[in-house]
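Chemist: Let me begin by handing over the structure; questions about it come next.
The values are calculated or read from the model by the stated rules, or taken from the named source; none is laboratory data. It should be emphasised that the depicted structure is a prediction, and the values quoted were computed from it without experimental measurement. Heads up, the Cβs are rebuilt from the backbone with ideal geometry, glycines too, and the neighbour counts pull from every protein chain shown.
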Amino acid sequence: MFAGFAELTSILALSAGLVALASRDWTRLRSLQNPAASTEFAGWVIRGWITPMFIWTAWNFAVFAGWLQGVIPLLPGVPLGPIDKSQLGDLVCHSAALVLFTVTTYWMAFTQIPLLAYVSKKEYDEDPRFWKILFGIFVFPIAGFFAWWLGPAGWGFAAALVLWPVVQFLTIEPRKHVPAYGRAVARMKFGDYRQAEQEIILQLEKCEDDYEGWMLLAQLYAEQFGEIANATATIDDLCAQPGITPYQLSRAYQRLADWYLAGPADPYAAKAALEIIVKRIPDTPFARTAQQRIATLPLDREELLEQREVKRMRLPSLSESPAPAATAEAPKVPVTSATAARDAARRRLERMNTRIESDPDDWSLREQKWVLLAEELNEAAAAVRELEQRLNAGTVPVDRIPACLAHCAGWRLKHLNDREGGKRILERLIREFPNTPQAYGASSQLWSMEQEVIAAQQVQRTVTAPRIVVRMPQNPSHA
């Protein structure tokens, strides 16, 4: 009894191992085609492995229970004729082990057929000759030996012994090539860009899905060759790959937008590149970042070129002196250059109005618009009027009120020659916002205005003072 039970236990362990191997391969390979591969495998286990064993067990149980009179039990490996009851347990365990081994090995062999049909369609660059040599030397002789020794009961085991290694070595992935771009970068540093391009392409031929390599190639086209069209095509091909991640896609098109702004100065193409991010990966942080950047892009090429120019530093309004006297000679500016500057300022004003319509809460942009009106277009009255309307309506944010009051006071003093109006605004600034930098500037401006008044009064008294003439009496000696 013990020998039969040990044999059955060992066959059960072997069967469990074969089922586990089949489950691993089935899930690993068939799941690529069918997401329900685990459910499909469970059904195949029930139909091909559990059902035959259940039928065999039920048949023999019914025979031994006397339910099937005159029917011979299905006990392969057990001699026909009278059976010693003391050996019945060993004989039944031996027969069960033989049936279990036969059913499991045949089931394992048939399991490898759909897996082999799938993996045979895959193509690999490297030829695993070592595995083929090992397979040819050891597997076929061993399989032939088992088929001869065990007879028909071992044919399933021999077939499984041949098919399972075939599936395994056909699924061996080729060794991953790790690209190295050190030589390409070195050639780029020495200005040998064509050779650098060849080095990058050589590495990409060995690893076609390397993200950094494609980005380096696109950078070379955009920044060194000035071929922005080739850079765009490279980025599009890269982001069309199935394994691209949202971060990689966002980074690629953000870089493409940078190249369009830096090279051909084309804000429209840069906007189109950023819109691809919003379209391809909507409702992500990358899409929101792209939308924010689109909102800050220049409206046209002219504005982009203006942003590249060196900006003059503008001093605060209250540090400016009042307008010069009317008799002072104004600097002469050529008519053509003055007209061109005024037209450019008008176009900038139109772009600012467009931006303000899209974002009415951008007070920094509103202040830039008023400065442009007052100081470049010489329309200080319009700027002061609009600014004071905003102040009186209470729509100006509290933290921007001191700066707005300072603008109004400075433009009234410098451009409108309105000393009384400027003085009232300065006094209001000191009274309502005493601890702000603008209030300190207003105090200094008021003191300067008072000193100017005092100096003017002193000059006036000196001019209008009565002239005293002293006549000395004549000397009697000259009489």
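Chemist: Give me the residue from the range 98-131 that is exposed (fewer than 13 other Cβ atoms within 10 Å of the Cβ) and assigned to a helix (DSSP H, G or I) and, out of that set, modelled with the highest pLDDT.
Modeler: Start the filter on the range 98-131 by keeping residues that are exposed (fewer than 13 other Cβ atoms within 10 Å of the Cβ), which leaves 113, 117, 120-127, 129-130.
Filter once more, keeping what is assigned to a helix (DSSP H, G or I): 113, 117, 129-130.
On the way: Ile113: 78, Ala117: 73, Arg129: 50, Phe130: 55.
If we take residues in the range 98-131 being exposed (fewer than 13 other Cβ atoms within 10 Å of the Cβ) and assigned to a helix (DSSP H, G or I), then Ile113 is modelled with the highest pLDDT.
Chemist: Determine the pairs where a residue that is farther than 23 Å from Ile244 by Cβ, located within the range 195-216, has a partner that is surrounded by fewer than 17 Cβ atoms within 10 Å (Cβ to Cβ) and not polar (S, T, N, Q) with Cβ atoms under 7 Å apart, the partner being 6 or more residues away or on another chain.
Modeler: Glu199/Arg183
Chemist: Does Leu204 qualify as being crowded, with 17+ Cβ neighbours inside 10 Å, in a helix (DSSP H, G or I) and modelled with pLDDT of 90 or more?
Modeler: So Leu204 does not fit the description; no.
Chemist: A further question on this structure: Counting residues that are under 30 Å from Pro298 (Cα atoms) and within 44 Å of the chain's Cα centre (by Cα), which helices (runs of 4 or more DSSP H) fully inside the range 340-452 reach at least 3?
Modeler: Numbers: elements: 363-371, 380-393, 401-414, 419-432.
It comes to 363-371, 380-393, 401-414.
Chemist: Find all pairs meeting these conditions: Cβ atoms under 8 angstrom apart; at least six residues apart or on different chains; first residue within the range 427-440 and assigned by TED's automatic domain parsing to the domain that holds Ala409 and at pLDDT below 85; second residue surrounded by 14 or more Cβ atoms within 10 Å (Cβ to Cβ) and among the aromatic types (Phe, Trp, Tyr).
Modeler: Ala439/Phe433
Chemist: Is it true that Ala222 is closer than 27 Å to Tyr253 by Cβ, without any contact (Cβ under 8 Å) to a residue 12 or more places away in the chain, assigned to a helix (DSSP H, G or I) and not assigned by TED's automatic domain parsing to the domain that holds Val19?
Modeler: Numbers: closer than 27 Å to Tyr253 by Cβ: yes; without any contact (Cβ under 8 Å) to a residue 12 or more places away in the chain: no; assigned to a helix (DSSP H, G or I): yes; not assigned by TED's automatic domain parsing to the domain that holds Val19: yes.
No, not satisfied.
Chemist: Identify the residue in the range 221-235 that is out of contact with any helix residue (DSSP H, G or I) (no Cβ under 6 Å at 6 or more places or on another chain) and closer than 23 Å to Ala180 by Cβ and, among all such residues, is surrounded by the fewest Cβ atoms within 10 Å (Cβ to Cβ).
Modeler: Taking the range 221-235 as the starting set, the residues that turn out to be out of contact with any helix residue (DSSP H, G or I) (no Cβ under 6 Å at 6 or more places or on another chain) are 223, 225-226, 229, 232-233.
Add one more test, that the residue is closer than 23 Å to Ala180 by Cβ, and what stays is 223, 225.
Details: Glu223: 17, Phe225: 13.
Step by step, filter the range 221-235, then rank; the result is Phe225.
Chemist: Of all residues in the range 242-277, count the ones that are more than 23 Å from Leu305 (Cβ to Cβ) and among the acidic types (Asp, Glu).
Modeler: Residues that pass the stated criteria total 0.
Chemist: Scan the range 236-248 for residues that are surrounded by 13 or more Cβ atoms within 10 Å (Cβ to Cβ), touching a residue at least 24 places away in the same chain (Cβ under 8 Å) and more than 13 Å from Thr289 (Cα to Cα) and report the count.
Modeler: Residues flagged as surrounded by 13 or more Cβ atoms within 10 Å (Cβ to Cβ), touching a residue at least 24 places away in the same chain (Cβ under 8 Å) and more than 13 Å from Thr289 (Cα to Cα) within the range 236-248 amount to 5.
Chemist: Against the definition (crowded, with 17+ Cβ neighbours inside 10 Å and among the aliphatic types (A, V, I, L, M)), how does Ala287 come out, yes or no? Walk me through it before giving the result.
Modeler: Values: crowded, with 17+ Cβ neighbours inside 10 Å: yes; among the aliphatic types (A, V, I, L, M): yes.
For Ala287, the condition - crowded, with 17+ Cβ neighbours inside 10 Å and among the aliphatic types (A, V, I, L, M) - is met.
Chemist: Same structure, new question: Inside the range 212-230, can you point out the residues that are of a type in the set (A, V, I, L, M, F, W, C), closer than 12 Å to Leu256 by Cβ and more than 18 Å from the chain's Cα centre (by Cα)?
Modeler: Ala222, Ile228, Ala229
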